[in-house]
Amino acid sequence: MTATTDGSTGALPSRAPSASDANAETTDPNLQAPPPGDVTGAARQATARATDHLLSLQDSAGWWKGDLDTNVTMDAEDLMLRQFLGIRDEKTTEAAARYIRGEQRDDGTWATFYGGPGELSTTIEGYVALRLAGDAPDAPHMAKAAGWIREHGGIAAARVFTRIWLALFGWWKWEDLPDLPPELIALPKWFPLNIYDFGCWARQTIVPLTIVSAKRPVRPAPFALDELHTDPRNPNPPRPPAPVTTWDGVFERLDKALHLYHKVAPRRLRRSAMRAAARWIVERQENDGCWGGIQPPAVYSVIALHLLGYDLKHPVLREGLASLDRFTVWREDGARMIEACQSPVWDTCLATIALADAGVPRDHPQLVKAADWMLDEQIDRPGDWTVRRPTLPSGGWAFEFENDNYPDIDDTAEVVLALRRVEHPDPQRVEEAVRRAVRWNLGMQSKNGAWGAFDADNTSPFPDRLPFCDFGEVIDPPSADVTAHVVEMAADVGATHDPRVRRGIEWLLAEQDPTGAWFGRWGTNYVYGTGSVLPALTAAGLPLSHPAIRRAVGWLESVQNEDGGWGEDQRSYRDREWIGRGASTASQTGWALMALLAAGERDSKAVERGVQYLAATQRPDGSWDEPYFTGTGFPWDFSINYHLYRQVFPLTALGRYLGGGPAGAAPGSR
């Protein structure tokens, strides 16, 4: 995939152009094209194609997993890691460089999402990776990138994580980076800025980085990067300090104090802290060698342990490096892309829901196989979530293949909804798994009545203030989309009147935006939030005439594109003018239709046009094309293109359009 420069100027899009129905022509003689205007017939045909296509994508073990696109920093940092460890080879380098070059935009930059603007830190890392691959700095594509970097402040303006990578090779001074001492590991759990105040993804990254920050290693750089400084003689000009009366000013001065402490830290205390941090890291290594099932913590954990004396043949590092290879996706053109993480549990439960709602029999062998795989993935051991909920029994699911330390509330809710759509030959096994999952999910409710993704009450205001934390979310507060999925799960198992569920509903109603939409934390953005909340509220028994539901319906109708689809750009996270605005996509159209159908709008013009859009843009093999990023890691900072989203959400919407709603629970499972 080559990124486009469409929309990079930041101008608001007009409504997307009308979709062509050229791709909707079928080569299957058994699927005759419905007469023009036959929306139901078009939906049936599209549903049949999409069902066959999705069934064909299932792994023989029972799971589904689509590729997960992010941006080239994953690939660049993989090359820099290999350079740092001395294991970079020509084949890997050239394959990674091929992918990185292919993602470069016409203006020389790299973006963090398809069609987005150039991003400074991503462009710096992409440039450095290509320098490692042998691309000359005076080559046209490199000179263009370097010029853009200088125009936007050079390396000095890059985020902290980028400058840490550069410091590993002496391209930046450690003294000019925020300090993060390993003694942080010893702070008690009630103390501000203890490691459990950070979201689990940040926690797993910060602990190893405290070791790196203390060690401050420098490996010889194979070349200079003077061309990326606005002034090579003064690469890091001083910045005016923030007023001491502000939080930013307070934390700037705290960072200065930590730099002074670095010089005088008692050696015995520092060694003890680093050993404790190393134990914490090793204890959280998963069975497949990774950490948390995601790439960044694995990379930093390998570096940290290597700095502490673990050689590359040590089992911990050997398995850690092997796990990183499993994040690799090889393209047909020989390019090599690195996934930030993998999403088999999430993809499998969503695929199961989509197929069941599309009318696939509950006892279909492939659904039963998917249920068996999901049942085997349920986590029965404690993890970091027990810091806030020490007496709560386990029972959740994680997002990835291996991530027993960090089950998440969102996956658990959707897996329950998926399992209850399958007629399993061992219903008691399913019932027990569901019972444990519901107990765990409801027990993870935060004090405000809502649910976050991984932890309860992970809402400290302090981690975001650290100068070190200038990239993405570092805490895990409750969100509307996760809360909605828990409410929908609770309604499905008959727990709507549970006081915890009622509080969740009240929280959702209070969180509705004045426009009528809901913010989407883990999907882009208000279309995702609204697409999650409306099905939950109606499942929980809110009347379709409820003002919150009518306002949401009105908003969805107001942002529908001229071609009948819905789309929302990642820029809506920063600019309210973009809310509900963007080129139509299959996944976002699916979310909007799921919401409208739940609100009783099946016969509305908006739903009819949305269904027609999906039918018209479907490809002959039953799939949809979707280059746009509709998933969210960190709002604005880290965007995701889940390749299976374009399959499961349109199919779910079409199935509900034809079947009158979700498939519901399997007989006898209530």
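Some points to look at:
- Qualifying residues in region 437-463 (those that are over 18 Å from N405 (Cβ atoms) and charged (D, E, K, R)) - the one surrounded by the fewest Cβ atoms within 10 Å (Cβ to Cβ): K447
- Taken as a whole, the structure places T483 among residues that are crowded, with 23+ Cβ neighbours inside 10 Å, among the hydroxyl-bearing types (S, T, Y), without any contact (Cβ under 8 Å) to a residue 60 or more places away in the chain and at negative phi.
- On the stretch given as region 640-654, residues that are closer than 19 Å to L596 by Cα and of a type in the set (F, W, Y) total 2.
- Answer residue from region 193-208, given it is closer than 19 Å to R389 by Cβ, in contact (Cβ under 8 Å) with a residue 60 or more places away in the chain and not in a helix (DSSP H, G or I) and is farthest from the chain's Cα centre (by Cα) among those: F198
This table checks each residue for (1) modelled with pLDDT of 95 or more; (2) closer than 26 Å to A340 by Cα; (3) in the same structural domain as F399 (by TED's automatic domain parsing).
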| site | (1), (2), (3) |
| --- | --- |
| Q612 | yes, no, yes |
| A615 | yes, no, yes |
| Y628 | yes, yes, yes |
| D637 | no, yes, yes |
| L644 | yes, yes, yes |
| Q647 | yes, yes, yes |
| P650 | yes, yes, yes |
| A665 | no, no, no |
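- Any hit, region 235-257, residues being part of a loop (DSSP other than H, G, I, E, B), of a type outside the set (D, E, K, R), touching a Lys or Arg at 6+ places or on another chain (Cβ under 6 Å) and more than 28 Å from P461 (Cβ to Cβ): no
- Scanning region 583-626 for residues that are within 18 Å of L534 (Cα to Cα) and not in a helix (DSSP H, G or I) yields A599, G600, E601, R602, D603, S604.
- Taking region 220-246 as the range and being under 20 Å from P467 (Cα atoms) and surrounded by 13 or more Cβ atoms within 10 Å (Cβ to Cβ) as the test, the residues that pass are P235, N236, A242.
- One residue stands out among those in region 325-373 that are among the aliphatic types (A, V, I, L, M) and part of a loop (DSSP other than H, G, I, E, B): the one that is surrounded by the fewest Cβ atoms within 10 Å (Cβ to Cβ), which is A340.
- Candidate set from region 301-320 (those that are aliphatic (A, V, I, L, M) and in contact (Cβ under 8 Å) with a residue 24 or more places away in the chain); member that is surrounded by the fewest Cβ atoms within 10 Å (Cβ to Cβ): L312
- Pair list, Cβ < 8 Å and 6+ apart or interchain, from region 91-109 residues that are within 12 Å of I338 (Cα to Cα) and assigned by TED's automatic domain parsing to the domain that holds A143 to residues that are outside any helix (DSSP H, G or I) and of a type in the set (F, W, Y): A95/W330; I100/W110
- Looking only at residues of region 27-58 that are of a type in the set (D, E, K, R) and in contact with a helix residue (DSSP H, G or I) (Cβ under 8 Å, 6 or more places away or on another chain), we find that the one that is modelled with the highest pLDDT is R44.
- First in region 148-172 and not assigned by TED's automatic domain parsing to the domain that holds R105, second anywhere and assigned to a helix (DSSP H, G or I) and among the polar types (S, T, N, Q), Cβ under 7 Å, 6 or more apart: none
- Single residue of region 258-284 satisfying the filter (under 22 Å from R203 (Cα atoms) and among the small types (G, A, S)) that is farthest from the chain's Cα centre (by Cα): S272
- Matching option when the condition is crowded, with 17+ Cβ neighbours inside 10 Å and either in the same structural domain as H643 (by TED's automatic domain parsing) or polar (S, T, N, Q) (or both), among R421, R429: R421
- Note on region 161-204: residues that are hydroxyl-bearing (S, T, Y) and buried (at least 23 other Cβ atoms within 10 Å of the Cβ) amount to 1.
- The test for being crowded, with 17+ Cβ neighbours inside 10 Å, in a helix (DSSP H, G or I) and touching an Asp or Glu at 6+ places or on another chain (Cβ under 6 Å) holds for V527.
- Qualifying residue in region 377-396 (condition: touching a His at 6+ places or on another chain (Cβ under 6 Å) and within 23 Å of S60 (Cα to Cα)): no
The values are calculated or read from the model by the stated rules, or taken from the named source; none is laboratory data. Fair warning: this is a prediction, and the values are worked out from it, not measured in the lab. Neighbour counts are summed over all protein chains in view; Cβ atoms, including those assigned to glycine, are modelled from backbone coordinates with ideal geometry.
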